[in-house]
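The values are calculated or read from the model by the stated rules, or taken from the named source; none is laboratory data. Quantities reported herein were computed from a predicted structural model and do not represent experimental measurements. Here the Cβ is made from the backbone with ideal geometry for all residues, glycine too, and neighbour counts use every protein chain on show. Surface accessibility is based on the protein's heavy atoms, side chains included, excluding ligands, DNA and RNA. Shrake-Rupley method; radii C 1.70, N 1.55, O 1.52, S 1.80 Å.
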Amino acid sequence: MPIISAISHTQYRLKRDVPRILDLATPILLGQLAVIAFGVMDTAMTARFSTDDLAALGIASSIFISIYVGLTGILSALNTIGGQLFGAKNYLDIGEEVRQTLWLSVILSMIGITVLLHPGPLLDIGDVSPIIEEKARLYLQILAIGTPGTMIMRTFMAFHNAVSKPKIITRFQVVGLLLKIPLNYLFIFGGFGLAAMGGPGCAVASVIVQWLWVISLGALIWFHPSYKPFGVFTKFSWPNWKRIWNILQLGAPIGFSYLIEVTSFAFMALFIARFGTTVLAGHQIVGNMGTVLYMIPLSLSIATMTVIAQHLGAKEEKKAEEVGWSAVIFTSSVSIGMGIIVWFLQDFLLDLYAPAPEARIVAKQLFLFIALYQAVDALQVTAAFILRGYRVAFWPMCIYAFSLWGVGLFGGYLLAFNHLPFVPESLQGASGFWAGNSLSLAIAASGLLFLFRLTAKRYAKY
């Protein structure tokens, strides 16, 4: 009877919690897919231009994403802070937090621009040819122009998620995708008197779309009456260093966790570049697919974090915990199904990229890993965002550092370059990095879920 009762209670929680998570997650997912489609189009179009440009895109995008995710991760603290204020109905305080986060976004932009304009040490890791390095440098220099817009847009996104308005962001992202398609063709392949730029043309298109987003969304927040309760732009605020420090206390560990997660994958690309352009191109294709698949558990996790933060702001600690466990069950189930689908559709998916035959062979060898790690990847990202809803970010950062850098990247390096005894040939090369990454995600998921359980118990005592 106790087992039957537990199952019944779990089913009740899932029926209650999953619809609310899906209501927020669906527009977030559509928006994320629209943005990720930027990368998919960049990869697919550049693959048709040249293999050298595709390899340069893989190197440059790995560096940019590491910077982007690390810095914007800090700004994502506004999602949790704003969500708890929204649950407590402190609407004007949300407006002040947005203004302070915008100041922080300007500061972080300067850091991002500096790194993008001086990527030499990071490019040296890949040890690529001068032609590929030159293309990668140009790509990053162009993206530096859009960095302030990128940071501001991320602040606007966190604000909208916190107050349960993700559909507005989704509309902007879909429109941006529709603009990105013709702009990509224009700048990659040339036209209307413009010379073909190849891979760096993707960056030009992205920068144009990014600034259009910021200008139009900023105008909407300023003028539309539905934003009046928050008073985001009804007054001017100078930097409040106490508030900015509070944002950094939560945001810095989140940003560093993002940085660890993404650099563990980005440095894979840089090291894999040593195996040659063909291997790197195959890895880039499979990695791009993995990024697309990751958007589903990521979107569900962002929605879960928002719901949990709102429950905690309303002093509903028990509901917050129940939402967390419902999300763990639902998200992992969805991701297992995705892994199975990907495995059976691998040839169809590869056809969409139309890679060179040699790159296709490399990509097929990596498909087993992308299919298998879906479940553990979903578990770790769900648990991480649950903890962010509780404003717990430091210990998850430590878990990520040990698992993703220590086990995933370092362990993958030892396997890939055959620095361990008795490494089978199937785990050497790019496969070694993918195997290490898969194991590291499983370790991270275990540690984060255990930390969620401890955190929920601590909150239940208050």
Only one of I308, I329, I370 is at pLDDT 85 or above, in contact with a Gly (Cβ under 8 Å, 6 or more places away or on another chain) and among the hydrophobic types (A, V, I, L, M, F, W, C); which? I308
Could you go through the range 321-344 and let me know if any residue there is without any contact (Cβ under 8 Å) to a residue 60 or more places away in the chain and over 17 Å from A375 (Cβ atoms). no
Evaluate the following for F348: is it buried (at least 16 other Cβ atoms within 10 Å of the Cβ) and either modelled with pLDDT under 80 or under 28 Å from T26 (Cβ atoms) (or both)? no
Give the residues of the range 136-157 that are crowded, with 24+ Cβ neighbours inside 10 Å and over 15 Å from Y68 (Cα atoms), sorted by residue number. A136, F156
What pairs come up if the first residue lies in the range 387-414 and is touching a residue at least 12 places away in the same chain (Cβ under 8 Å), the second is assigned to a loop (DSSP other than H, G, I, E, B) and open to solvent by 30 Å² or more (accessible area, probe 1.4 Å), and their beta carbons are under 6 Å apart, counting only those six or more places apart or on different chains? L414/L420
Taking I361 as the residue in question, decide whether it is open to solvent by 20 Å² or more (accessible area, probe 1.4 Å) and more than 26 Å from L30 (Cα to Cα). yes
For the list (1) within 20 Å of M295 (Cβ to Cβ); (2) within 20 Å of the chain's Cα centre (by Cα); (3) surrounded by 17 or more Cβ atoms within 10 Å (Cβ to Cβ), I need the number of the one condition that I336 fails. (3)
Do we have any residue at all in the range 243-254 that's under 29 Å from D42 (Cα atoms) and part of a helix (DSSP H, G or I)? yes
The conditions are (1) within 22 Å of A158 (Cβ to Cβ); (2) among the small types (G, A, S); (3) without any contact (Cβ under 8 Å) to a residue 24 or more places away in the chain, and G276 fails exactly one of them. Which is it? (1)
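Look through the range 364-396, keep the residues that are closer than 30 Å to G313 by Cα and not in a helix (DSSP H, G or I), and return whichever of them is most open to solvent (accessible area, probe 1.4 Å).
Checking each candidate, the answer is R391.
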Here's a check for you: in the range 217-271, which residue that is surrounded by fewer than 16 Cβ atoms within 10 Å (Cβ to Cβ) and among the charged types (D, E, K, R) is nearest to S129 (Cα to Cα)? K242
